[in-house]
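Enquirer: Okay, here's the structure, questions in a sec.
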Amino acid sequence: MKKITIIIAIALFLYSCNNTTIEKTDKTKATQQASTTNKSVIETTGGTQIKVVLTGGANAGSYTASSAESTCSMGLTGKKSFGNQYSVSGKSDNEFSSLQLLVDDYEAAKLGTDKFYIKVAFGKRLMGNKYEINGSDNSISGKKQGIGKLTIIEIGGSKVVHVAGKTSDGINISADISCNTVLTDDNGQLKEK
């Protein structure tokens, strides 16, 4: 009887050890999968990140947005131009919904330029509040208004745009746009760069 009890005890012990090993292995696999997933999210390149701060006006505050797809472009509104076209629909009146940017000359912007147009908009397209600065000579940007300076910094393959200025109504705009990829006009075809 003692032999049977000892054999059962050993069998239970081995079974218990084996189960613990399986459980640990499953936890390790889950941890490795989570780690791999987080790593791929962290290392994902492409797209655009935007931060806007408005001082004054009905929409005063700090806003952020991001797009998995590139919203930045080079050469689409003129040979030397640089731009950003971020817009989302379905936003309420107080929600940041659009940032439009047109830079006349990309190379000049690396040293700092006032030849740019920016519009920060809220709510429904074409109907919500908008804040604009326009020093651009590009005919599609409309009438000149407000004052500001724009600088583009190249960091690796990314382009970081910083805008600081004031609308003609006295609203301060500070905007930072990180372009991890940029759409370019290559002989009439858009390509991601």
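Enquirer: Picking from Gly128, Gly170, which residue would you name as being outside any strand (DSSP E or B), assigned by TED's automatic domain parsing to the domain that holds Gly75, touching a residue at least 60 places away in the same chain (Cβ under 8 Å) and not basic (Lys, Arg)?
Expert: Details: Gly128 fails: touching a residue at least 60 places away in the same chain (Cβ under 8 Å).
Testing whether each residue is outside any strand (DSSP E or B), assigned by TED's automatic domain parsing to the domain that holds Gly75, touching a residue at least 60 places away in the same chain (Cβ under 8 Å) and not basic (Lys, Arg) leaves just Gly170.
Enquirer: How many of the residues making up the range 91-113 are out of contact with any Ser or Thr (no Cβ under 9 Å at 6 or more places or on another chain) and either assigned to a loop (DSSP other than H, G, I, E, B) or at pLDDT below 95 (or both)?
Expert: 4
Enquirer: With the structure loaded, tell me whether Thr181 is of a type in the set (S, T, N, Q) and either surrounded by fewer than 16 Cβ atoms within 10 Å (Cβ to Cβ) or at pLDDT below 95 (or both) or whether it fails that test. Explain how you work it out, then say what you get.
Expert: Values: of a type in the set (S, T, N, Q): yes; either surrounded by fewer than 16 Cβ atoms within 10 Å (Cβ to Cβ) or at pLDDT below 95 (or both): yes.
So Thr181 passes the test.
Enquirer: Right, here's the next one. Going through the range 116-143 one residue at a time, which ones are of a type in the set (Val, Ile, Thr) and exposed (fewer than 14 other Cβ atoms within 10 Å of the Cβ)? Break it down stepwise before answering.
Expert: Looking only at the range 116-143, we keep the residues that are of a type in the set (Val, Ile, Thr), and these are 118, 120, 133, 140.
Ile140 - this is the single residue of the range 116-143 that is of a type in the set (Val, Ile, Thr) and exposed (fewer than 14 other Cβ atoms within 10 Å of the Cβ).
Enquirer: Is at least one residue of the range 72-83 at pLDDT below 95, closer than 18 Å to Ile152 by Cβ and loosely packed, with under 12 Cβ neighbours inside 10 Å?
Expert: So far as the range 72-83 goes, yes, one or more of its residues are at pLDDT below 95, closer than 18 Å to Ile152 by Cβ and loosely packed, with under 12 Cβ neighbours inside 10 Å.
Enquirer: Additional query: Among what's in the range 141-159 and is out of contact with any helix residue (DSSP H, G or I) (no Cβ under 9 Å at 6 or more places or on another chain) and assigned to a strand (DSSP E or B), pick the residue that is farthest from Tyr117 (Cα to Cα). It would help to see each step written out before you state the result.
Expert: Initially, the range 141-159 is screened for residues out of contact with any helix residue (DSSP H, G or I) (no Cβ under 9 Å at 6 or more places or on another chain), giving 141-149, 153-158.
From what's left, assigned to a strand (DSSP E or B): 145, 147-149, 153-155, 158.
On the way: Gln145: 9, Ile147: 10, Gly148: 9, Lys149: 10, Ile153: 18, Glu154: 20, Ile155: 23, Ser158: 21 Å.
Top of the filtered list is Ile155.
The values are calculated or read from the model by the stated rules, or taken from the named source; none is laboratory data. Predicted model, so just to flag it, every value in this text is computed and none were measured. Cβ sites come from the backbone with ideal geometry, for glycine too, and all protein chains shown count toward neighbours.
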